[in-house]
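The values are calculated or read from the model by the stated rules, or taken from the named source; none is laboratory data. Remember, predicted model here, so these are calculated numbers, not experimental data. Methodologically, a virtual Cβ is constructed for each residue, glycine included, from the backbone with ideal geometry; neighbour enumeration extends over all protein chains shown. Ligands, DNA and RNA are excluded from the accessible area calculation, which covers all protein heavy atoms including side chains. Shrake-Rupley method; radii C 1.70, N 1.55, O 1.52, S 1.80 Å.
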Amino acid sequence: MTATLEPDKMKANQDKFYGREREFVYKFNVGSQCFELTVPLKFPVKENPNNLHGRLMLLHNLPCFIESDLKESLSQFIEEESLRDYDREAEAALEALKSGEVDLHQLTSAWAKTYAETTLEHARPEEPSWDEDFADVYHDLIHSPASETLLNLEHNYFVSISELIGERDVELKKLRERQGAEMDKVMQELGKSLTDQDVNSLAAQHFESQQVLENKWTSELKQSTAIQKQEYQEWVIKLHQDLKNPNNKSISEEIKVQPSQFRESVEANGRIYEDQRKLEESFTIHLGAQLKTMHNLRLLRADMLDFCKHKRNHRSGVKLHRLQTALSLYSASLCGLVLLVDNRINSYSGIKRDFATVCQECTDFHFPRIEEQLEIVQQVVLYARTQRRSKLKEPNDSGNRNGGNDDKTKNIERNYSNILPGEFYITRHSNLSEIHVAFHLCVDDNVRSGNITARDPAIMGLRNILKVCCTHDITTISIPLLLVHDMSESISEEMFYQLSNMLPQIFRVSSTLTLTSKH
């Protein structure tokens, strides 16, 4: 319509016809009595006539036998009056065009621009995304004879970053030891020649020195990983282009693998992860009463981070694990891992810090760094909390809240950027040994008690994680047994049986999951 394409001078004509009230008059008979319904309507009418006539019936307590006729009359009235407004507006626009009030070239340009932007055949093609292009190129190469070359190059980068991290740890350890010796000397002189103020001043100096050194290494590691990522992606793109050229005779030498050319890690600083003897058992279970679903379970004695850590000794078995993960990176058979974390979205302590350390040991060539992903999650959680807080404060809901909801609201307001038990956030990875997706599930101390039920937030969170797995092609997922990362004496036999009996509730999903590790 011309209303959407007119210049500013012609918009004044809309005010002449829009925003006016017209009276809708409806007459009907009830027995021998004649009634007349008069309703003022403001045009353009934005409300659906079907909803409007229902409101009129309810508001004026009208008899039900006139409902159909009222609906038809109301719709006809709105349609006719709207058409009259459109006609009057079009006539006014034409008059303005004839009188020269509107620039003809400006009007035709506006029409042509709008038509080109809204019509598919004239729309500009979407610009190709670098991430999507690189993903396609990598997928082709990893399924080609160049796959081993890619893995060895990634391993070399991993060794380089790991050695850099080792140097950082040694330097930080020396600094802490030197500061510890200085603090011991000061404490011996406390009360003699030194005061508490001197101790606090020295502690502040030590803290500042540690921060300066840590920031220096953080910046260096960030710069090194950025350089590695750029070099790797450019090399992958170039190799893919060379493979497409059949006349390139040097390509076979480029992808030829000679083990002596690739670096092996130095067995220094005790940073080699030794393979421990693994105890495992695999079995199949069927869950469900009428519609049974099959699940392949694999019990394994291992640390959860063993599925993430790269091995320094680049043996054939290690290569196969890494190759399998790389082959399925852009596929419908992804691998996931559940980490039990607290309600703070960071990587400062506990399993979160250990996981972030493993992620930092190898450059991620496909996805953002773990720190960048956590920053995005924090922003999303902050936005979600803002929306949830506004909904909880609506007047309509204030009378329906119970004490539990009030406590939950206070918790949200008190921890505005934190998540609640049962909620989880997801990070993506291409630089870990055997997984692509990490589910960070928030749990509280209740999981360690013997009072956990099927409605516990942790159990509900697990069910939601499995639903995400079903809808996003994650066919293998590793879950901490008994919902703890460390076994302790506080875990009783009763707790084991409680969680065992909850398996049907946890795996009650709409489609089958294959939970067997793909080894």
For VAL341, distant residues with modelled amide H under 5 Å away: LEU441, CYS442, VAL443
Could you check how much of the accessible area of segment 131-257 is carbon and sulfur, as a whole percent, using a 1.4 Å probe? 49 percent
Accessible area in square angstrom per residue, segment 16-122, 1.4 angstrom probe: 72 Å²
Which of PHE65, ALA90, ALA110, positive extreme of dipole for segment 16-122 (C-beta unit charges): PHE65
Starting from the Cα-Cα distance between LYS46 and ARG178, subtract it from 0.36 nm times their residue separation and give me the gain in nm to one decimal. 40.1 nm
Residues whose modelled amide H sits under 5 Å from the amide H of THR475, counting only those 5 or more places away in sequence or on another chain, are LEU334
Mean projected area, convex hull of alpha-carbon positions in segment 16-122, reported to one decimal in nm², is 9.9 nm²
Using amide H atoms built 1.01 Å from N in the peptide plane, name the residues 5+ places from PHE24, or on other chains, whose amide H lies under 5 Å from its own. VAL39, LEU41
In whole Hz and in residue order, list the ³J(HN,Hα) couplings for segment 339-352 that follow from phi through the Karplus curve 6.51 cos²θ - 1.76 cosθ + 1.60, θ = phi - 60°; x for Gly and Pro. 10, 8, 10, 8, 8, 9, 8, 7, 9, 9, 8, x, 5, 5
If you consider only alpha-carbon coordinates, what radius of gyration and Dmax does segment 52-180 have, in Å? 35.6, 93
Return the FRET efficiency for the residue pair ARG22, LYS391: r is the Cβ-Cβ distance, R0 is 45 Å, and the value is rounded to the nearest 0.05. 0.75
Tell me, what HN-Hα J-couplings in whole Hz come from the Karplus equation 6.51 cos²θ - 1.76 cosθ + 1.60 at θ = phi - 60° for each residue of segment 186-203, using x for Gly and Pro? 5, 5, 5, 8, 5, x, 9, 10, 10, 10, 4, 5, 5, 5, 5, 5, 5, 4
Residue-wise, which Karplus ³J(HN,Hα) couplings in Hz belong to segment 416-427, taking 6.51 cos²θ - 1.76 cosθ + 1.60, θ = phi - 60°, and x for glycine or proline? 5, 9, 9, 9, 9, x, x, 7, 8, 10, 10, 10
So if we plug the beta-carbon distance of THR108 and ARG55 into 1/(1 + (r/R0)^6) with R0 = 41 Å, what FRET efficiency do we get, rounded to 0.05? 0.40
Label point distance in nm, SER417-ASP303, each placed 7 Å from Cα along Cα→Cβ: 2.9 nm
Note to self: C-alpha centroids of segment 52-106 and segment 168-224 sit apart, in Å, by 77 Å
Between ARG428 and MET460, Cβ-based FRET efficiency (R0 25 Å, step 0.05) works out to 0.60
Once the piece of chain linking SER32 and LYS238 is laid out straight, how much longer is it, given 0.36 nm per residue of separation minus the C-alpha distance between them? 65.1 nm
For segment 423-488 versus segment 20-48, the gap between their alpha-carbon centres in whole angstrom: 59 Å
Any idea how far apart VAL484 and THR195 come out in nm if each label point goes 7 Å out from Cα toward Cβ? 5.0 nm
Give LYS311/LYS467; LYS352/LYS391; LYS46/LYS391; LYS46/LYS467; LYS238/LYS467 a once-over and call out the pairs whose C-alpha atoms are over 29 Å from each other. LYS311/LYS467; LYS352/LYS391; LYS46/LYS467; LYS238/LYS467
Translational diffusion coefficient of segment 131-257 at 20 °C, 1.002 mPa s, Stokes-Einstein with Kirkwood Rh over Cα pairs, in µm²/s as a whole number. 114 µm²/s
Calculate the spin-label point distance for HIS286 paired with GLU214, positioning each point 7 Å from the Cα along the beta-carbon direction, and give it in nanometres. 5.5 nm
Fully extended contour minus Cα-Cα distance, from LYS185 to SER144, at 0.36 nm per residue: 8.5 nm
